[in-house]
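Have a look at the structure below, then the notes.
Read-outs: derived from the displayed coordinates by stated rules, not from any lab. On a predicted model such as this, the values are computed, not experimentally measured, just so you know.
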Amino acid sequence: MTSDMGLEHKFARFGAEVTLSDGAVIEGYASRFNEVDHGGEIVMAGAYRASIKRLAKKGQRVKMLWQHDPAQPIGVWDEVREDATGLWVKGRILDSTQKGSEAAALIQAGAIDGLSIGFRTRRAQRNEKGQRLLTELELWEVSLVTFPMLPSARVAAKGDAPQADDALRELAAVLKGARLSSARD
């Protein structure tokens, strides 16, 4: 998938390794190596290495966005690194913002269970099956998303359930109020 900014997106469902704890800390794999996604693409080990190094050298961070919308940052990624499995991220959802609070509540409830990367392809090749092997990517952002593309994992969320229940009730009330307001207009 390509955005208006020319960025491509690759989705990954939260795995058993992805957790939401302390109300807003999230960690896990945003991308896994050597797995075919629904688009027939495979991210190869080492694909992010140069990009992560360039960002660190410039003192910049990969952005945490909501649904790939650059107008909706919802937190910060404190750690972004490659390991033998894939691209591992750890960050904080800023629940002091409206969208961050909603995102944390939706993750707790299991309504959002995906991560997706926004990137530009720097190097790729095709294998004998015609699949695109992504060997070097310029990583721009990792988003929380509704519909992931990589089917290899499921969500596991941890945190304070009563707070999540309260936040969900509050979100439901806001949505109901907005629906009633628009029905009157």
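Here are some pairs, K63/K99; K53/K90; K58/K99; which of them have Cα atoms lying more than 23 Å apart in this structure? It would help to have the intermediate numbers written out before the result.
Working: K63/K99 15 Å; K53/K90 17 Å; K58/K99 28 Å.
As for pairs spanning more than 23 Å Cα to Cα, those are K58/K99.
Between T85 and Q60, 0.36 nm times their residue separation minus their Cα-Cα distance comes to what? Let's see the in-between values first.
Working: separation 25, 0.36 × 25 = 9.00 nm, distance 2.39 nm.
Stretched fully, the T85-Q60 segment lengthens by 6.6 nm.
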